[in-house]
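Student: Here it is, the structure in full.
What follows is calculated from the coordinates using simple rules that are stated; it is not laboratory data. This structure is a prediction, so every number in the text was calculated from the model and none was measured.
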Amino acid sequence: MKKILWVGMALFLPLFFASCATTTTRQPSIYKWSSYTKDTYDYIKSGEEDSIETVLKTYQWIIDNQTGTVRETVPPGVCADYGYLLVKSGRVQEGKKFLLKEKELYPESAPLVDSVIKMIER
């Protein structure tokens, strides 16, 4: 009986400890954000030309670097924000292109994007 118990423990313990081990495989994130939070906060806080260029670069990085993420697409709202800031900085046609891309990627944003485009065209 003791022999069966020892054999059982010898088989059970390695399986038990193996199940407690952490895995080194890391799941990819849904989106890559870079320094979005900091740069956007700095722009909103200061509103200076230097900070708008930094935010535009951050948005462009986010748009260009979504490979390897779960969805492999731009996060919601990024194309719309980027397009609006482009319009605000005088690059109207390029801005409209990104506003329309937001609508294409996220159809539920159509009412908001359409109203922004109407404001631009006035």
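Student: Compute the distance from the alpha-carbon center of segment 21-67 to that of segment 72-122, in whole Å.
Tutor: A separation of 18 Å, based on Cα centres.
Student: Quote to one decimal, in nm, the extra length available between Ile44 and Ser115 on full extension: 0.36 nm per residue of separation minus the C-alpha distance between them.
Tutor: 23.4 nm
Student: Would you report the distance distribution of C-alpha pairs in segment 25-122 as whole percents per 5 angstrom bin, up to the bin with the largest distance?
Tutor: Per 5 Å bin, starting at 0, the Cα pair percentages come out as 2, 14, 22, 21, 21, 12, 5, 2, 1, 0, 0.
Student: While we're here: Which number gives the lysine pairs in segment 15-122 that have C-alpha atoms under 17 Å apart and are eight or more places apart or on different chains?
Tutor: The result is 12.
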